[in-house]
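Have a look at the structure below before the remarks.
Please treat every number below as a calculation from the coordinates, not as lab data. Just so we're clear, the structure is a prediction, and the values are computed from it rather than from any experiment. For neighbour counting, all protein chains shown are included, and Cβ atoms are generated from backbone atoms with ideal geometry for every residue, glycine included.
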Amino acid sequence: MTPTVAPFPAARFRRARRTSALRALTQENALTPGDLIWPIFVRDGKGIEEPVGSMPGVMRRSVDKIAQAAKHAQSLGIPAICLFPYTDDSLKTEDCAEAWNPNNLSNQATRAIKDAAPDIAVMTDVALDPYNINGHDGFVEDDVIVNDRTVDALVKMTLAQAEAGADIIGPSDMMDGRIGAMRSALESEGHQNVMILSYAAKYASAYYGPFRDAVGASGALKGDKKTYQMNPANSDEAMRLIQRDLQEGADMVMVKPGMPYLDICRRVKDGFGVPTYAYQVSGEYAMIEAAAQNGWIDGERVMMESLMCFKRAGCDGVLSYFAPRVAEILANG
Ligand code: PBG
């Protein structure tokens, strides 16, 4: 449909912007706490909230503190928490066995959240990087990140997470065929209702830098992730990936990073009409925080604007480190 636009002065667009009432009435999109997924970093110990240097305002929390954080999130109306473990180097191995340990940090945190805040949906991350001695999302053989053997491990990891009570499994590994393998394992092991949010369009991005610091993977990573994560120059490929992951049984899809990839969000939403999310990643967060701390931008307004723009681009929700701060502002009108 091509909208017809009356010529000036019949069309004076400023009429609709004159007062806050008229602006509210003509506003097309809205941001609510229900749109937010809050990523939280888990570490070992007790009573610990430790700041992440490269992400001012973000903490690594011990499991007891995560339970508290989950209660807070629930009271703010945030529907989901996504867990990322900061794994001690002594637990990183070549076979990544800690990834499917029923008692690893992520699984402990899942149970603690379910206990403390049963209304919160727990989302978990599926990829081997927190447990891998070389920092990659898959097994490395002769300098190659191997696909099919990695998928078998990801399935074990998925089942351990489902067993711990995860509501949404978030494969961020970018191996081929993992969604189908996970879906059939979940079906046959009695976890029919566990959702899969596929990080279908995950790009090999420099914006992940601060995250790798937060989970202690920056030192470990050998080489880059370009043989499995997508080329930032591509868009058609994202559509084909998403189509495949949906056919294999994904319930929802993620675009990652977020702000530089809003065109992908829009294509996905228009093309498939499925629940679509974006991950406003660590580098996006750090840039906004750094500029705000220098007094170069109004950090709070930029934060709110950045999240609203995801909604405008067609996202149903946003995974953002800003989630609790945004929810608090929304709660206070
Ligand atoms: C790895 C993973 C990464 C992020 C989430 N899961 C980093 C990577 O792919 O190296 C990045 C998130 C962020 O930057 O906030 N499975």
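With helices as the sole contributors, the chain gives -11500 deg cm²/dmol at 222 nm; each DSSP H run of n ≥ 4 counts as -39500 (n - 2.57), and the sum is divided by every residue. 3J(HN,Hα) couplings calculated from phi for segment 245-257 with the Karplus curve 6.51 cos²θ - 1.76 cosθ + 1.60 (θ = phi - 60°) are, in sequence order, 5, 5, 5, 7, x, 6, 8, 8, 10, 10, 10, 8, x Hz; Gly and Pro show x. For CYS82, nonlocal amide neighbours, meaning residues 5 or more places apart or on other chains whose placed amide H falls under 5 Å from its own, are TRP38, ILE40, MET123.
Against the main long axis of the alpha-carbon atoms of the chain, helix 262-272 sits at an angle near 80°. Sequence-ordered 3J(HN,Hα) estimates for segment 300-305 from the Karplus curve with 6.51, -1.76 and 1.60 and θ = phi - 60° stand at 5, 5, 5, 4, 5, 5 Hz, glycine and proline given as x.
List residues of segment 168-197, by number, whose backbone nitrogen lies under 12 Å from a label position 7 Å along Cα→C-beta of ASP224. No residues fall inside that zone. Loop-located GluC sites (Glu not before Pro) in segment 120-203 (DSSP state other than H, G, I, E, B) with a sparse environment of at most 14 neighbouring Cβ atoms within 10 Å: GLU189. Once a ≥ b ≥ c are taken as the square roots of the eigenvalues of the Cα gyration tensor of segment 31-331, is the result rounded (a/c under 1.5), prolate (a/b larger than b/c) or oblate (a/b not larger than b/c)? Rounded. 3J(HN,Hα) along segment 111-116, derived from phi through the Karplus expression 6.51 cos²θ - 1.76 cosθ + 1.60 where θ = phi - 60°, amounts to 5, 5, 5, 4, 6, 7 Hz, with x in place of Gly and Pro.
For the options ALA162, ALA97, ALA70, a Gaussian network treatment of the chain with springs between C-alpha atoms closer than 10 Å singles out ALA97 as fluctuating the most. Once both labels are positioned 7 Å from their Cα atoms along Cα-to-Cβ, the gap between GLN68 and GLU187 label points is 4.4 nm. Compute the helix-to-body angle for 63-76: its Cα long axis versus the longest principal axis of the chain, expressed 0 to 90° and rounded to tens. Helix 63-76 and the main axis of the chain meet at about 20 degrees. Measuring between alpha carbons in the structure, the pairs from LYS71/LYS311; LYS156/LYS269; LYS114/LYS269; LYS65/LYS269; LYS71/LYS156; LYS202/LYS311 lying more than 24 angstrom apart are LYS71/LYS311; LYS156/LYS269; LYS114/LYS269; LYS65/LYS269; LYS71/LYS156. Roughly speaking, what is the centre-to-centre gap between segment 165-199 and segment 259-277 when only Cα atoms are used, to the nearest Å? Their Cα centres are 21 Å away from one another.
Note on segment 31-331: dipole from Cβ charges, positive end direction compared against VAL63, ASN294, GLY273; the farthest Cα belongs to ASN294. I need the calculated FRET efficiency for the pair ALA204 and ASN101, taking r as the beta carbon distance and R₀ as 22 Å, to the nearest 0.05. Once the sixth-power term is evaluated, E becomes 0.15. Exposed loop sites here are trypsin sites (Lys or Arg not before Pro) assigned a DSSP state other than H, G, I, E or B and surrounded by at most 13 other beta carbons within 10 Å; excluding them, the longest clear run of the chain is 47-221.
Under 5 Å between amide hydrogens, built in the peptide plane, is the criterion, and for VAL255 it picks out TYR277, ALA278, TYR279 among residues at least 5 positions away or on other chains.
Amide H contacts for VAL58 (H built 1.01 Å from N in the peptide plane; partners 5 or more residues away or on another chain; cut-off under 5 Å): VAL52.
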